[in-house]
Amino acid sequence: MEPDEPTLEQILENGSAELRIHRKGMFQRVLFTVKKVHEPYGTYPMLFTDRVIDLKEAVRIAEELRIPVEIPHAKVYPRGKAGNDFVHLLKEEKHHAKKQTGGWREEELR
């Protein structure tokens, strides 16, 4: 990973990042956005780009940042991980949303 590239925390906070990748024989900067994937076990973040890049570059990004990457023809997860391993990255947001709505009332629990 390049020294000037953003960390996972910065990417999740900003919602997007421009990453340096090797594409078609040269290095390019490609914009990746954070996409929320909804699954039965929870919601987790995934980096997404609509640009076609090599699969090995998508694997490199997923391994370096430790987050799933989606490109037009594949979804790539870091080695040994699945979607439910990333649900904790958005837990804070879910808790905050529940807090705003008020959560359960005592009358509903009885």
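The table below lists the values:
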| read-out | value |
| --- | --- |
| Top-ranked residue in the range 46-74 [being of a type in the set (D, E, K, R) and within 11 Å of the chain's Cα centre (by Cα); ranked as farthest from Leu12 (Cα to Cα)] | Glu70 |
| Where a residue in the range 36-48 is on the phi > 0 side of the Ramachandran plot and part of a strand (DSSP E or B) and its partner, wherever it lies, is surrounded by 11 or more Cβ atoms within 10 Å (Cβ to Cβ) and of a type in the set (A, V, I, L, M, F, W, C), with Cβ under 6 Å and at least six apart | Gly42/Val87 |
| In the range 7-27, residue surrounded by the fewest Cβ atoms within 10 Å (Cβ to Cβ) [restricted to those that are in a strand (DSSP E or B) and charged (D, E, K, R)] | Glu18 |
| First in the range 21-32 and within 17 Å of Leu55 (Cβ to Cβ) and touching a residue at least 24 places away in the same chain (Cβ under 8 Å), second anywhere and aromatic (Phe, Trp, Tyr) and in a strand (DSSP E or B), Cβ under 8 Å, 6 or more apart | Ile21/Phe27; Phe32/Phe48 |
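All of the numbers you see were taken from the coordinates with simple rules; none came from a lab. In this text, all values refer to a predicted model and were calculated from it rather than measured experimentally. Neighbour counts run over all protein chains shown; Cβ positions are idealised from the backbone, glycine included.
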